1. Any residue that is in contact (Cβ under 8 Å) with a residue 40 or more places away in the chain, under 18 Å from residue 78 (Cα atoms), of a type outside the set (A, V, I, L, M, F, W, C) and part of a loop (DSSP other than H, G, I, E, B) - is there at least one of those in segment 27-44?
2. If I ask for residues that are in contact (Cβ under 8 Å) with a residue 40 or more places away in the chain and either open to solvent by less than 40 Å² (accessible area, probe 1.4 Å) or over 14 Å from residue 35 (Cβ atoms) (or both), which ones from segment 68-82 would you list?
3. Can you confirm whether residue 42 is of a type outside the set (Asp, Glu) and surrounded by 14 or more Cβ atoms within 10 Å (Cβ to Cβ)?
4. Considering only residues of segment 58-67 that are farther than 16 Å from residue 21 by Cα and part of a helix (DSSP H, G or I), which is most open to solvent (accessible area, probe 1.4 Å)?
5. Conditions: (1) open to solvent by 80 Å² or more (accessible area, probe 1.4 Å); (2) assigned to a helix (DSSP H, G or I). Residue 55 meets all but one. Number of the miss?
Amino acid sequence: MGIIIAIVIGFIVGLIARAIMPGTQSMGFIFTTLLGVAGSIVGTELGKLLGWYGPGDEAQWIGSIVGAIILLFLYGLIAKKR
């Protein structure tokens, strides 16, 4: 059940990140979900590493969204070079 919740939360985080960072992102449902899950992992672990919050804090949502925005920005840079 935990993996399903992680996927749903990742999808929500991916949608929020795409809404905050506008542009012509040609991504589908799967890529948005993967972006959100990866952003959640990056943002959560980075926040814990820097000591911004502990496990279970509500601030992890913000960290997850920031992580997804960072990954979306990096994806935009890589996609432009092609």
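The values are calculated or read from the model by the stated rules, or taken from the named source; none is laboratory data. Quantities reported herein were computed from a predicted structural model and do not represent experimental measurements. Cβ sites come from the backbone with ideal geometry, for glycine too, and all protein chains shown count toward neighbours. We work out accessible area using only protein heavy atoms, side chains counted, and drop any ligands, DNA or RNA first. Shrake-Rupley method; radii C 1.70, N 1.55, O 1.52, S 1.80 Å.
1. The first filter runs over segment 27-44 and keeps only residues in contact (Cβ under 8 Å) with a residue 40 or more places away in the chain, leaving 35.
Checking the rest, the ones that are also under 18 Å from residue 78 (Cα atoms) come to 35.
Now drop any that are not of a type outside the set (A, V, I, L, M, F, W, C), which leaves none.
The answer is no; no qualifying residue exists.
2. Scanning segment 68-82 gives 68, 72, 76.
3. yes
4. This residue is 61.
5. (2)
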